[in-house]
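K.L.:
This is the structure I want to talk about, given as structure tokens.
The values are calculated or read from the model by the stated rules, or taken from the named source; none is laboratory data. Quick caveat, the model's predicted, so the values are computed rather than measured. Note that we place each Cβ from the backbone using ideal geometry, even for glycine, and neighbour counts take in every protein chain shown. Surface areas here come from the heavy atoms of the whole protein model, side chains and all, with no ligands, DNA or RNA. Shrake-Rupley method; radii C 1.70, N 1.55, O 1.52, S 1.80 Å.
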Amino acid sequence: MEPTKRARRIGAAISVFASLVFVMSATMKLIGGPQLAQGMQHLHLAAPMTIPLAILEFSCVAVYLIPQTLVLGAVLLTGYVGGAILTHWRVGDLFAIHIVLIGLVWLGIYLREPRLKQLLPLRTHPSSAALRDS
């Protein structure tokens, strides 16, 4: 079943929003500054890691934004954020926003990619189907 035009637009908007969050994060890593250095120190990460992390983040987003590699990009971003979650968890920081961000990455795809709906069908409660049919 093909997604509606509205679902595709909403999914694309969600994907663009999630991508912008990653692009902003990577850009801030490239710009650097005292706050970034302090954050890296807090996370027990070496300062020279910022540039490779920024390149990795930009690369994952680029793969995510290419329609033919969209799902691969989502898998790569999920792995990237998984590492970020572990890093934050290790030092006792909150990481709920990371989980929300990955949810948005996948929701954006789910709303516009019919093949993903075949892999992960959402099942409705039988009473919902009865209400819909009446």
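K.L.:
Counting only residues that are more than 16 Å from G103 (Cβ to Cβ), of a type in the set (A, V, I, L, M, F, W, C) and either outside any helix (DSSP H, G or I) or open to solvent by less than 60 Å² (accessible area, probe 1.4 Å) (or both), how many does region 13-42 have?
P.N.:
5
K.L.:
Something else about it: Sort through G79, G83, G73, G103 and tell me the only one that's part of a helix (DSSP H, G or I), open to solvent by less than 70 Å² (accessible area, probe 1.4 Å) and in contact with a Cys (Cβ under 7 Å, 6 or more places away or on another chain).
P.N.:
On inspection, the qualifying residue turns out to be G73.
K.L.:
Based on what the data block shows, is I10 open to solvent by 50 Å² or more (accessible area, probe 1.4 Å), part of a helix (DSSP H, G or I) and touching a residue at least 24 places away in the same chain (Cβ under 8 Å)?
P.N.:
Spelling it out, I10 is indeed open to solvent by 50 Å² or more (accessible area, probe 1.4 Å), part of a helix (DSSP H, G or I) and touching a residue at least 24 places away in the same chain (Cβ under 8 Å).
K.L.:
Please go through (1) under 20 Å from A62 (Cα atoms); (2) open to solvent by 60 Å² or more (accessible area, probe 1.4 Å); (3) modelled with pLDDT under 95 for L122 and return the number of the only condition it doesn't satisfy.
P.N.:
Result: L122 fails condition (1) only.
K.L.:
Between a residue in region 14-40 that is farther than 15 Å from G73 by Cα and any residue that is open to solvent by 90 Å² or more (accessible area, probe 1.4 Å) and part of a helix (DSSP H, G or I), which pairs come within a Cβ distance under 6 Å, given they are 6 or more apart or on different chains?
P.N.:
Between residues of region 14-40 that are farther than 15 Å from G73 by Cα and residues that are open to solvent by 90 Å² or more (accessible area, probe 1.4 Å) and part of a helix (DSSP H, G or I), there is no close pair.
K.L.:
Looking at F22, F58, which one is within 27 Å of L122 (Cβ to Cβ) and of a type in the set (F, W, Y)?
P.N.:
F22
K.L.:
Next question, about the same structure. Across region 86-100, what is the total count of residues that are open to solvent by 50 Å² or more (accessible area, probe 1.4 Å) and either under 16 Å from A26 (Cα atoms) or in a helix (DSSP H, G or I) (or both)?
P.N.:
Of the residues in that region, 7 qualify.
K.L.:
I would also like to ask the following. Whether any residue in region 69-79 is touching a His at 6+ places or on another chain (Cβ under 6 Å) and on the phi < 0 side of the Ramachandran plot is what I want to check.
P.N.:
No - not one qualifying residue is present in region 69-79.
K.L.:
Within region 45-57, identify whether any single residue is within 22 Å of L107 (Cβ to Cβ) and either open to solvent by less than 70 Å² (accessible area, probe 1.4 Å) or under 16 Å from the mean Cα position of the chain (by Cα) (or both), and answer yes or no.
P.N.:
Yes, region 45-57 has at least one match.
K.L.:
What number of residues within region 60-104 are under 24 Å from R9 (Cα atoms) and touching a residue at least 12 places away in the same chain (Cβ under 8 Å)?
P.N.:
Adding up the residues that qualify gives 17.
K.L.:
Considering only residues that are of a type outside the set (S, T, Y) and either within 21 Å of A62 (Cβ to Cβ) or in contact with a helix residue (DSSP H, G or I) (Cβ under 7 Å, 6 or more places away or on another chain) (or both), which ones fall in region 73-87?
P.N.:
Residues satisfying the conditions are G73, A74, V75, L76, L77, G79, V81, G82, G83, A84, I85.
K.L.:
Which number in (1) modelled with pLDDT under 95; (2) closer than 27 Å to A12 by Cβ; (3) open to solvent by 50 Å² or more (accessible area, probe 1.4 Å) marks the one condition that L111 misses?
P.N.:
Here L111 clears every test but (3).
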